Every structure is written in C-alpha cells, then in structure tokens.
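Engineer: The following block contains the structure, expressed as structure tokens.
The values are calculated or read from the model by the stated rules, or taken from the named source; none is laboratory data. None of the values given here were measured: they were computed from a predicted structure. Positions of Cβ are backbone-derived with ideal geometry, glycine not excepted, and every protein chain shown enters the neighbour counts. Accessible surface areas use protein heavy atoms only, side chains included; no ligands, DNA or RNA. Shrake-Rupley method; radii C 1.70, N 1.55, O 1.52, S 1.80 Å.
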Amino acid sequence: MSNIENFLTASEEGAIVSAIRDAEKDTSGEIRVHIEYNCDTDVFEHAIEVFHYLKMNNTKEQNGVLIYVAVDKKAFVIYGDKGINKSVSDNFWNSTRDTIASYFQKGEYAQGLIEGITKAGKEMSKNFPWIHGDTDELDNTISKG
Ligand code: CA
Ligand code: CA
C-alpha cells in the first residue's frame, strides 16, 4: 500500500458511502468514515481530534459515530458521541470492532468497513430510530486527511 488512494478503490468507496446511507435509513444517528494514511500519534487520541474537527459533536442527539482508519498502522478506532455511549453496551463496540478487525486481518478493508457500518447502524437504530423529518446532519462521504 503505497498511498491513501490505493487503500480503497473508487467502487469500494462508493459501496461504503452506500452502506452509510442505508444504515442511516433506519437511524437518526450519523456515521462517518475518516481515512488517514499517516498517523504519527496515538490513534485513539487522534480519532477524537478528527471527531471534533469534522464537527461530529454537533449532532442534536449527540449520536454521531466515527470510524477512523490509520492506513499506515492498519489500525482503526470506532468513536461514538455521548448519546451513543449512554445507550449502547460496551459489548456492542467490542463486537463491532472484532467484526471489522477480522476483515482487516484478511486485507478486506472495504468489506470490513461495510460490515462495521451495517452493524453499528443496526445497534444505533434501537435507541435512535429513524423518525420522519430526520435530517442528514453529517455528510456520508469518506473524509481523508
Ligand atoms: Ca440523521
Ligand atoms: Ca449522514
């Protein structure tokens, strides 16, 4: 993997964006994916910085979830806002993380992200169901840094 553009193909990116859009059909929560080639600090701390940089802390119900990927470290972090953390179990995050990790280990990054997004969306829909008039508060496209 020589650069960030090789991490996901254009069609894989499209499939990930579709997975986010589909997940958000069932939940008012917001899911974003951020991909970074080079992370030279602690990935978890950096994921929190990115979360704020993307203004993901500005959702009405504090129900944004970020999946942050550091390509060089083949590492990722799932970070949810306060509303999410109040409503889902620790086990949920662990099982979502394990799902993504199992695909990453095989080098199936796009599939891992899609499965993780779908799983997160299902869990979020229990406490944050989609309601009529819900707005798409955060862009579904993949952000890169
Ligand atoms: Ca929404
Ligand atoms: Ca969205």
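Engineer: Do you know which residues across segment 38-54 are within 11 Å of Phe76 (Cβ to Cβ) and either within 16 Å of ligand 2 (Cβ to nearest atom) or open to solvent by 40 Å² or more (accessible area, probe 1.4 Å) (or both)? Working first, answer last.
Structural biologist: The first filter runs over segment 38-54 and keeps only residues within 11 Å of Phe76 (Cβ to Cβ), leaving 39, 43-44, 47.
Result: Phe44, single match.
Engineer: In this structure, does Leu113 turn out to be within 16 Å of ligand 1 (Cβ to nearest atom) and surrounded by 16 or more Cβ atoms within 10 Å (Cβ to Cβ)? Full working, then the answer.
Structural biologist: Details: within 16 Å of ligand 1 (Cβ to nearest atom): no; surrounded by 16 or more Cβ atoms within 10 Å (Cβ to Cβ): yes.
Considered against the rule, which asks whether it is within 16 Å of ligand 1 (Cβ to nearest atom) and surrounded by 16 or more Cβ atoms within 10 Å (Cβ to Cβ), Leu113 comes out as no.
Engineer: Hey, can you tell me all the residues within segment 81-96 that are crowded, with 17+ Cβ neighbours inside 10 Å and more than 14 Å from Val33 (Cβ to Cβ)? So that I can check it myself, show each step before the final result.
Structural biologist: Within segment 81-96, the subset crowded, with 17+ Cβ neighbours inside 10 Å is 81, 83-84, 87-88, 92-93, 96.
Hits for segment 81-96 are Asp81, Gly83, Ile84, Ser87, Val88, Phe92, Trp93.
Engineer: Would you confirm, using the coordinates I've provided, whether Ser95 is assigned to a helix (DSSP H, G or I), among the small types (Gly, Ala, Ser) and modelled with pLDDT under 95?
Structural biologist: Numbers: assigned to a helix (DSSP H, G or I): yes; among the small types (Gly, Ala, Ser): yes; modelled with pLDDT under 95: yes.
For Ser95, the condition - assigned to a helix (DSSP H, G or I), among the small types (Gly, Ala, Ser) and modelled with pLDDT under 95 - is met.
Engineer: Return the only residue of Asn127, Asn140 being more than 20 Å from Ala15 (Cα to Cα) and either open to solvent by 60 Å² or more (accessible area, probe 1.4 Å) or modelled with pLDDT of 95 or more (or both).
Structural biologist: Values: Asn140 fails: more than 20 Å from Ala15 (Cα to Cα).
Criteria check complete, one pass: Asn127.
Engineer: Being touching a helix residue (DSSP H, G or I) at 6+ places or on another chain (Cβ under 9 Å), within 19 Å of His52 (Cβ to Cβ) and assigned to a strand (DSSP E or B) narrows it down to one residue among Ile78, Ile84; which is it?
Structural biologist: On the way: Ile84 fails: assigned to a strand (DSSP E or B).
Among Ile78, Ile84, only Ile78 is touching a helix residue (DSSP H, G or I) at 6+ places or on another chain (Cβ under 9 Å), within 19 Å of His52 (Cβ to Cβ) and assigned to a strand (DSSP E or B).
Engineer: Looking for whichever is crowded, with 17+ Cβ neighbours inside 10 Å and part of a helix (DSSP H, G or I) here; the options are Ile31, Ile67, Ile20, Ile35. Which one fits?
Structural biologist: On the way: Ile31 fails: part of a helix (DSSP H, G or I); Ile67 fails: part of a helix (DSSP H, G or I); Ile35 fails: part of a helix (DSSP H, G or I).
From the options Ile31, Ile67, Ile20, Ile35, the qualifying one is Ile20.
Engineer: Right, something else. Out of segment 128-145, which residues are in a loop (DSSP other than H, G, I, E, B) and not aliphatic (A, V, I, L, M)?
Structural biologist: Answer for segment 128-145, where residues must be in a loop (DSSP other than H, G, I, E, B) and not aliphatic (A, V, I, L, M): Phe128, Trp130, His132, Gly133, Asp134, Thr135, Asp136, Glu137, Asp139, Asn140, Thr141, Gly145.
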